[in-house]
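Data block below; observations after.
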Amino acid sequence: MAHLVSIQHWIEGGEYQATNGRRGKVFNPATGQVVREVAFASEADVDRSVRAAKRALPAWRATTPLRRARVMQSYLALLKLHELKLAELASEEHGKTREDALGSVRRGIEVVEFACGIPQLLKGEHAANVGTGVDAYSLRQPVGVCVGITPFNFPAMVPMWMYPVAIACGNTFVLKPSEKVPSCSMMLARLFKEAGLPDGVFNVIHGDKVAVDSLLNHPDVSALSFVGSTPIAKYIYETGARNGKRVQALGGAKNHAVVMPDADLDFTAEALIGAGYGSAGERCMAISVVVAVGDVGDALVDRIARRARTLKTGPGSEPGMDMGPLVTREHCDKVRGYVDVGVTEGASLVVDGRSLQVPGHEDGFFLGPTLFDKVTPTMSIYRDEIFGPVLCVLRAPTLEAAIELINASRFANGTAIFTASGSSARIFEESIEVGMVGINVPIPVPMAFFSFGGWKNSLFGDLHMHGAEGIKFYTRTKAVTSRWPAGQTVSSSLVMPTHA
Ligand code: NAD
């Protein structure tokens with residue numbers, strides 16, 4: 001086997017050789033071949049990265065927001081210049097098509113654009129004369145050393161939901177990206193240095209549970225942002241909170257789209273094809289359940305099935321592909337296993353992706369678009385997050401029944417309604433218990449200047465990512481009450497002041 005590049009950690013502005021020999025394999029899912037290795041951090045490596053971030057903190061938090069914004073602006077220009085390379089790396093290690101990867105890189109870059117406005121975003125409140133000669137105001141100050149732990153499915157975008165905002169707020173950062181897709185984060189770090197970011201402000205540490213646990217338990221880490229599966233999100237939230245850290249932990253999803261009888265079915269079917277099968281269903285905002293209301297089911301399933309059969313599945317690097325492979329062999333086997341279970345559970349398999357062959361890529365982790373109809377709420381293909389190109393259709397008699405079904409789900413990341421009725425849309429947006437809602441928009445991922453996050457088992461913690469909630473998460477508010485006596489003597493009082 002040819003010599004493999006071994007990806008190292010990024011600490012204090014440069015590559016850092018790991019202290020132990022533990023490492024993982026990075027695959028190209030389209031070929032099934034190992035393309036790189038990645039170092040797995042020990043507790044000592046993690047400690048080194050956190051200490052670097054801690055050392056860089058005083059100078060960075062003292063840097064004016066305007067200067068921090070200027071570094072962000074240089075970073076923004078470099079990211080735009082190198083977006084194709086970032087997309088290529090994301091596509092190679094994840095498997096998604098390059099076009100799709102480029103879209104997600106751009107959505108990440110939009111968070112840097114948002115962070116360029118940090119002088120405006122950090123402004124506090126001020127009130128003069130809250131008492132006689134007394135003013136009150138609030139300051140937003142950085143939290144300290146912040147950590148990001150990210151999943152495999154968006155190698156650039158999800159890390160960029162976190163660190164640009166944290167760093168613009170004056171914090172320093174340690175990123176622990178998914179060990180399955182480590183390359184993008186190294187490029188993101190290198191470009192940030194080139195943009196003028198001082199060494200130690202942004203660090204990247206690779207690895208597995210050892211690295212994550214070391215970060216969770218490190219006394220110098222103040223805040224943790226996590227995105228990944230629900231069981232790990234819950235673990236991160238509980239452990240981090242027990243250790244006194246501020247935590248936001250975004251988990252898994254099972255996103256429903258409700259289709260009303262008055263919806264434009266051609267438009268809806270096209271939207272659902274993109275939302276169900278884009279990125280091979282490996283998106284936390286993918287639609288994995290369609291709830292057909294009234295008698296719309298048969299016509300809708302027919303349209304989705306016809307279109308699903310035309311999708312081209314193959315290597316993400318080849319032009320014209322709609323869908324790439326799944327991220328690993330294990331994950332592909334797991335998703336395939338769910339298709340088997342769905343058949344045993346009695347759902348009707350309308351399109352079966354299991355027989356897909358991609359000539360010349362027999363070792364790739366491919367599964368074609370799969371469509372189940374007549375799924376019921378007790379089936380595991382409905383209850384569990386599958387995270388693959390498997391779309392399940394359920395039927396509901398009314399909008400109220402559809403809402404009741406969705407509100408009973410333990411996941412609550414995103415949802416959508418397709419309808420021509422403003423009244424149905426209004427009832428839906430008002431009563432649905434889900435964090436992000438689309439109206440005739442299948443994947444309602446909020447723009448960088450709004451906040452991203454779900455409810456229930458899709459988010460542990462109180463604040464969503466980027467937008468106003470991101471600024472809140474990465475800052476602590478300090479309320480100041482001030483008086484500047486001009487020579488008058490103030491007699492002591494033991495009475496609670498009322499500032500009248
Ligand atoms: P994952 O939970 O397996 O891994 C996420 C991160 O946690 C990785 O960095 C990984 O190294 C680490 N990790 C894994 N197991 C761990 C353990 N036992 N202890 C400590 N750390 C551990 O998730 P994934 O498979 O990389 O990503 C897919 C999942 O992420 C899906 O469930 C998807 O819905 C979810 N996701 C959610 C959102 C959202 O915004 N809610 C966005 C993207 C992905």
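A few remarks follow.
- Loop trypsin sites (Lys or Arg not before Pro), segment 112-221 (other Cβ atoms within 10 Å of the site Cβ: 14 or fewer; DSSP): K123
- Counted over segment 255-439, the DSSP beta bridges are approximately 10% antiparallel.
- Two-decimal Rg/Rh across the chain, once Rg and the Kirkwood Rh are taken from alpha-carbon atoms: 1.03
- Summing charges over all other residues whose Cβ lies under 15 Å from the Cβ of D322, with Lys and Arg as +1 and Asp and Glu as -1, gives +2.
- Each residue of segment 140-218 gets 86 Å³ once the volume of the Cα convex hull is shared out per residue.
- Relative contact order (percent, whole number), segment 399-500, Cα cutoff 8 Å, 6+ residue spacing: 22 percent
- Between the alpha-carbon centres of segment 120-197 and segment 2-19 there is a gap of 24 Å.
- At an R0 of 30 angstrom, the distance between the Cβ atoms of D302 and S229 translates into a FRET efficiency of 0.35.
- Percent RCO, i.e. relative contact order, over the chain, from Cα pairs under 8 Å lying at least 6 residues apart: 18 percent
- Taken about its Cα centre, the chain carries a charge dipole of about 1700 debye when Lys and Arg each add +1 at the Cβ and Asp and Glu each add -1 at the Cβ.
- Selection from G435, F411, W60 lying farthest towards where the dipole of the chain points positive, charges on Cβ: W60
- For segment 255-439, the Kirkwood radius over C-alpha pairs fed into Stokes-Einstein at 37 °C and 0.692 mPa s yields D = 199 µm² per second.
- When both bridge partners sit in the chain, DSSP labels roughly 40% of those beta bridges antiparallel.
- Projected label distance in nm at K312 and T477, using a 7 Å step from Cα toward the beta-carbon: 5.3 nm
- Helical segments meeting 15 Å axial Cα length and Kyte-Doolittle -1.0 threshold in the chain (DSSP H): 43-62, 65-81, 83-94, 98-115, 157-168, 183-194, 230-242, 265-277, 297-308, 329-345
- Whole-Å distance, taken between Cα centres, linking segment 222-282 and segment 350-427: 13 Å
- For segment 332-482, the share of DSSP beta bridges that are antiparallel, to the nearest 5, is 45%.
We did not get these values from a lab; they are worked out from the coordinates using the rules stated. Worth saying up front: this structure is predicted, and the values here are computed from it rather than measured. A quick note on method: Cβ atoms are made from the backbone with ideal geometry, for glycine too, and the neighbour counts reach across all protein chains shown.
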